[in-house]
Amino acid sequence: MRAKAKLYPKEAARLLREKPGVREAVTGATLHFERNRLRAYAEVPIAEWRERAKALKDHVLSHLDHYLELAEKRLRENGVQVHWAETPEDAHRLLRAVVERHGVKRAVKAKSMLTEELGVNPLLASLGVEVFETDLGEYLIQLLGEPPSHIVGPAIHLSLKEIQKLFHERFGTPLDASPEALAQVARKVLREAFLSAELGISGANFLVAETGTLALMENEGNIRLSTSLPKVHVAFVGIEKLLPRFQDLALFLPLTARAATGQRLSTFVSLIQGPAREGEEGPEEVHVVLVDHGRTALLADPEAWETLRCLRCGACLNACPVYRQTGGHPYGYVYSGPIGAVLDPGLLSLEEAYPLPYASTLCGACLEACPVKIPIPKLLLTWRHRAVAEGLSPAWEKAALAAYRRVMESPTLYRLFSKALRGLPLPQDLLPLLRAWTEGRGPLKPSPKPFHQLWREMEEPHGR
Amino acid sequence: MRVALFITCLADQFFAEAGVAAVRLLRALGVEVDFPEGQTCCGQPAFNAGHWEEARPLAKRHLEIFREADYVVLPSGSCASMVQNHYPELLPGHPEALDLAERTYEFSAFLVRVLGVEKLGEGLRGKKIAYHHGCHALRELGVREEPLLLLREAGAELVPWEAAEECCGFGGLFSVKLPEVSLAMADRKIATLPQAEVLTSTDAGCLLHLAGRLAKKGVNLKVAPLATLLWEAYAG
């Protein structure tokens with residue numbers, strides 16, 4: 001996917017102005033998810049779970065070469081064809097070969113953020129393959145030609161009304177059709193696609209190195225159908241998704257479900273261990289594509305590597321009061337919200353993702369929600385510090401902060417500033433910083449006297 | 001016990017009376033209060049925006065100015081967190097930064113944790129108060145119960161507020177770098193506000209932002225810093 005992260009401030013402002021319904025839909029949905037998460041966390045010794053999950057992820061990330069080799073070995077033993085893709089182009093080449101070899105005309109696709117990174121849908125379209133997103137939310141945004149706006153709820157920004165209108169235009173359903181009726185229509189279209197597709201594409205929540213097992217979590221059953229009905233299954237797996245042992249799933253499956261949606265476990269968990277064997281039903285061919293796409297470089301980053309612990313649960317998005325105002329689209333890349341703000345600079349480049357680390361008030365709600373304790377606020381500060389060091393910040397900001405420092409370094413200048421704030425008609429509408437502030441909040445009204453003056457007045461009678 | 005008051009630049013300029021209230025209250029509780037006059041700003045705005053080179057000299061000044069104090073007490077969760085949590089990172093090789101971090105307290109936390117005060121008086125009897133949890137006080141310092149306890153013990157009625165623990169959208173430079181998002185966040189806080197007589201918080205920045213937005217939207221609600229209310233609790 002081409003990143004448009006640079007436009008974040010403009011796009012966020014435009015969305016708030018032009019599509020106020022998005023704010024309403026996203027706020028409602030994220031608050032709902034957030035309440036569920038809090039309830040689900042409270043049922044278990046969550047502090048201990050998070051600590052264990054963090055430690056396990058850190059272990060696997062710090063021995064990634066070992067676990068990747070082990071995973072590859074086990075997958076091959078299970079009859080899976082393993083590929084390595086360093087870049088999206090590598091992944092495209094592999095997928096193109098599969099499409100050509102099997103004469104694929106139709107593909108069904110399970111929800112996967114990694115395939116958004118890789119641009120799988122545009123590639124398939126260019127190869128003349130008709131591709132169906134089979135997660136209901138993904139299907140909706142595919143019909144609209146939009147990217148996902150949330151890691152777990154890709155259509156979180158849509159209201160029921162908008163969906164009713166979309167289905168009315170596409171399928172002639174009544175404008176007041178119930179959600180159940182709409183789901184039935186989608187189900188009918190997708191059933192047909194499941195039965196006729198030659199290729200099923202998925203991501204993976206986890207890949208267990210010890211056994212070569214792919215683990216996929218979902219609530220609708222479409223992942224299971226996408227990975228079991230077509231004769232060929234291709235799974236794209238980020239190299240950071242590894243877990244050492246099969247038993248680790250006992251922690252990570254429920255932890256991810258609780259963090260993401262507040263469920264104790266997702267409705268469906270698929271554990272895939274290779275193609276169908278004699279007498280079994282299932283795909284004849286299973287491919288696992290282990291994707292780097294910037295992850296190795298990020299792992300080598302002494303500060304930012306911790307973002308690779310991410311389970312893609314979306315809990316930080318649900319907890320984030322900034323994300324809540326706009327949803328994910330203005331962020332301009334696959335990963336939005338707090339995790340996007342720290343992951344995107346690592347996967348793209350800081351220059352390309354520049355404003356994203358500023359898309360936060362550093363309120364810390366994301367860290368509180370994160371099931372693997374990624375220190376998002378600290379990482380935001382790190383990326384901001386680097387952005388300044390690399391000269392990416394705008395000239396006005398540099399000038400303003402240099403001036404601020406000069407004033408604050410000198411009590412004399414600070415007092416002059418204090419006098420000016422009261423004595424002079426401040427050009428509040430002229431200075432860009434002040435204008436940005438006063439437009440929404442009215443002019444700044446300082447106290448009649450600053451405290452440092454009141455202090456002197458308080459102390460003088462005592463003869464000090 | 002000698003306490004040096006750090007009044008913070010925002011409180012100095014915009015909530016000066018809260019500083020006076022803090023001095024009066026601390027003295028009434030038997031604490032010797034000093035106000036080192038060379039103080040200005042802790043450097044947080046520059047640090048949070050990534051301009052560490054601009055923040056560092058300010059942090060060093062701050063260490064100098066408060067070197068002698070037994071305790072440094074300030075009416076702001078975010079500035080307190082800057083000193084407690086970020087100075088040690090901003091000033092590696094300065095063990096005094098760790099030392100100052102240990103001696104620095106947000107105002108209500110100092111009253112409860114150090115002075116062991118719970119009940120100041122009953123001056124807030126029957127007053128309906130909405131308390132906004134500043135994010136840094138709440139999540140970086142763990143100051144959640146202290147202000148509520150002090151208000152409640154003084155007879156205040158703390159009104160339940162759905163968004164009490166949500167960020168108000170100030171965020172320092174965030175409010176001018178992303179003004180539309182910042183205002184949308186303030187509007188959510190305001191939209192969920194219950195009936196109250198006063199809106200309070202420990203952070204001047206949040207209050208400045210919320211008070212400005214309330215005024216702009218024509219909502220008539222008194223906004224007062226926590227220190228002002230706590231003095232009222234004591235003095236009646």
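The values are calculated or read from the model by the stated rules, or taken from the named source; none is laboratory data. All values derive from a computational prediction rather than experimental measurement. Please note: Cβ atoms are built from the backbone with ideal geometry, for glycine as well, and neighbour counts cover all protein chains shown. Side chains are part of the model used for accessible areas, which takes the heavy atoms of the whole protein and leaves out ligands, DNA and RNA. Shrake-Rupley method; radii C 1.70, N 1.55, O 1.52, S 1.80 Å.
Looking for whichever is more than 10 Å from chain A (Cβ to nearest Cβ), touching a Phe, Trp or Tyr at 6+ places or on another chain (Cβ under 8 Å) and open to solvent by less than 10 Å² (accessible area, probe 1.4 Å) here; the options are B:Ala21, B:Ala28. Which one fits?
One residue alone meets the criteria, B:Ala21.
Within segment B:43-78, work out how many residues are more than 12 Å from chain A (Cβ to nearest Cβ), in a helix (DSSP H, G or I) and open to solvent by 20 Å² or more (accessible area, probe 1.4 Å).
Counting residues in segment B:43-78 that are more than 12 Å from chain A (Cβ to nearest Cβ), in a helix (DSSP H, G or I) and open to solvent by 20 Å² or more (accessible area, probe 1.4 Å) gives 0.
Select from segment A:310-334 the residues that are away from every other protein chain (no Cβ under 14 Å) and assigned to a helix (DSSP H, G or I) and write down the one among them that is farthest from A:Leu242 (Cα to Cα).
A:Leu317
If we only count helices (runs of 4 or more DSSP H) wholly inside segment A:83-158, which ones have 2 or more residues that are within 21 Å of A:Asn219 (Cα to Cα)?
A:113-118, A:136-144
If you go through segment A:372-390 one residue at a time, how many are open to solvent by less than 40 Å² (accessible area, probe 1.4 Å) and out of contact with any Lys or Arg (no Cβ under 6 Å at 6 or more places or on another chain)? Give the steps one after another, and end with the answer.
Within segment A:372-390, the first condition is being open to solvent by less than 40 Å² (accessible area, probe 1.4 Å), and the residues that meet it are A:372, A:374-377, A:379-384, A:387-388.
Now narrow it down to the ones that are out of contact with any Lys or Arg (no Cβ under 6 Å at 6 or more places or on another chain): A:375-377, A:379-384, A:387-388.
Here the count works out to 11.
Name the one entry in A:Glu138, A:Glu146, A:Glu130 that is of a type outside the set (A, V, I, L, M), surrounded by fewer than 20 Cβ atoms within 10 Å (Cβ to Cβ) and either over 18 Å from the mean Cα position of the chain (by Cα) or within 18 Å of A:Pro179 (Cα to Cα) (or both).
Only one candidate passes the filter, namely A:Glu130.
Scanning segment A:408-424 for residues that are touching a residue at least 12 places away in the same chain (Cβ under 8 Å) and closer than 15 Å to B:Glu37 by Cβ, which turns out farthest from the other protein chains (Cβ to nearest Cβ)?
A:Arg415
Tell me which of these A:Ala369 doesn't satisfy, since it passes every other one: (1) of a type in the set (A, V, I, L, M, F, W, C); (2) open to solvent by less than 10 Å² (accessible area, probe 1.4 Å); (3) within 10 Å of chain B (Cβ to nearest Cβ).
(3)
Regarding segment B:214-226, can at least one residue be identified that is more than 9 Å from chain A (Cβ to nearest Cβ), in contact with a Gly (Cβ under 7 Å, 6 or more places away or on another chain) and in a strand (DSSP E or B)?
Checked segment B:214-226: no residue is more than 9 Å from chain A (Cβ to nearest Cβ), in contact with a Gly (Cβ under 7 Å, 6 or more places away or on another chain) and in a strand (DSSP E or B).
Can you confirm whether B:Gly205 is open to solvent by less than 10 Å² (accessible area, probe 1.4 Å), in a helix (DSSP H, G or I), modelled with pLDDT of 95 or more and within 26 Å of A:Leu15 (Cβ to Cβ)? Spell out the reasoning first.
Numbers: open to solvent by less than 10 Å² (accessible area, probe 1.4 Å): yes; in a helix (DSSP H, G or I): yes; modelled with pLDDT of 95 or more: yes; within 26 Å of A:Leu15 (Cβ to Cβ): yes.
Judged against the criteria, B:Gly205 is a match.
When B:Pro147 is evaluated against the numbered criteria (1) assigned to a helix (DSSP H, G or I); (2) surrounded by fewer than 24 Cβ atoms within 10 Å (Cβ to Cβ), which criterion, by number, is the only one it fails?
(2) is the only condition that B:Pro147 fails.
Six or more apart or on different chains, Cβ under 9 Å: which pairs go from a residue in segment B:121-140 that's more than 14 Å from chain A (Cβ to nearest Cβ) and acidic (Asp, Glu) to one that's surrounded by 23 or more Cβ atoms within 10 Å (Cβ to Cβ) and not in a loop (DSSP other than H, G, I, E, B)? Could you list them?
B:Glu122/B:Ala233
Find the residue count for segment A:391-405, including only residues that are part of a helix (DSSP H, G or I) and surrounded by 13 or more Cβ atoms within 10 Å (Cβ to Cβ).
Total meeting the criteria: 8.
Any residue at all in segment A:356-363 that is in contact (Cβ under 8 Å) with a residue 40 or more places away in the chain, in contact with a Cys (Cβ under 8 Å, 6 or more places away or on another chain) and facing chain B (nearest Cβ under 7 Å)?
Looking for residues that are in contact (Cβ under 8 Å) with a residue 40 or more places away in the chain, in contact with a Cys (Cβ under 8 Å, 6 or more places away or on another chain) and facing chain B (nearest Cβ under 7 Å), one finds at least one in segment A:356-363, hence yes.
Of all residues in segment B:1-15, which are farther than 17 Å from B:Val83 by Cβ and crowded, with 21+ Cβ neighbours inside 10 Å?
B:Gln13, B:Phe14, B:Phe15
Looking at the structure I just gave you, is B:Glu96 more than 14 Å from chain A (Cβ to nearest Cβ), in a helix (DSSP H, G or I) and among the charged types (D, E, K, R)?
It is true that B:Glu96 is more than 14 Å from chain A (Cβ to nearest Cβ), in a helix (DSSP H, G or I) and among the charged types (D, E, K, R).
Could you grab me the full set of residues in segment B:163-182 that are over 21 Å from B:Ala137 (Cα atoms) and in a helix (DSSP H, G or I)?
B:Val176, B:Lys177, B:Pro179, B:Glu180, B:Val181 - these are the residues of segment B:163-182 that are over 21 Å from B:Ala137 (Cα atoms) and in a helix (DSSP H, G or I).
Can you name every residue in segment A:372-393 that is free of Cβ contacts under 8 Å to residues at least 12 places away in the same chain and facing chain B (nearest Cβ under 9 Å)? Lay out the reasoning, then the answer.
Filtering segment A:372-393 for residues free of Cβ contacts under 8 Å to residues at least 12 places away in the same chain gives A:378, A:385, A:388-389, A:391, A:393.
Selection gives A:Lys378, A:His385, A:Val388, A:Ala389, A:Ser393.
Please determine, by comparing only the residues of segment A:250-279 that are out of contact with any helix residue (DSSP H, G or I) (no Cβ under 7 Å at 6 or more places or on another chain) and open to solvent by less than 10 Å² (accessible area, probe 1.4 Å), which one is nearest to A:Leu311 (Cα to Cα). Before you say what the answer is, go through the steps one by one.
We begin by selecting, within segment A:250-279, every residue out of contact with any helix residue (DSSP H, G or I) (no Cβ under 7 Å at 6 or more places or on another chain); these are A:250, A:253-254, A:256-257, A:267, A:271, A:273-279.
Retained after the next criterion (residues that are open to solvent by less than 10 Å² (accessible area, probe 1.4 Å)): A:256-257.
Numbers: A:Thr256: 7, A:Ala257: 10 Å.
Out of the qualifying residues, it is A:Thr256.
Output the residue which, of all residues in segment A:288-331 that are under 19 Å from A:Lys111 (Cα atoms) and among the small types (Gly, Ala, Ser), is surrounded by the fewest Cβ atoms within 10 Å (Cβ to Cβ).
Looking at the filtered set, the residue picked out is A:Gly328.
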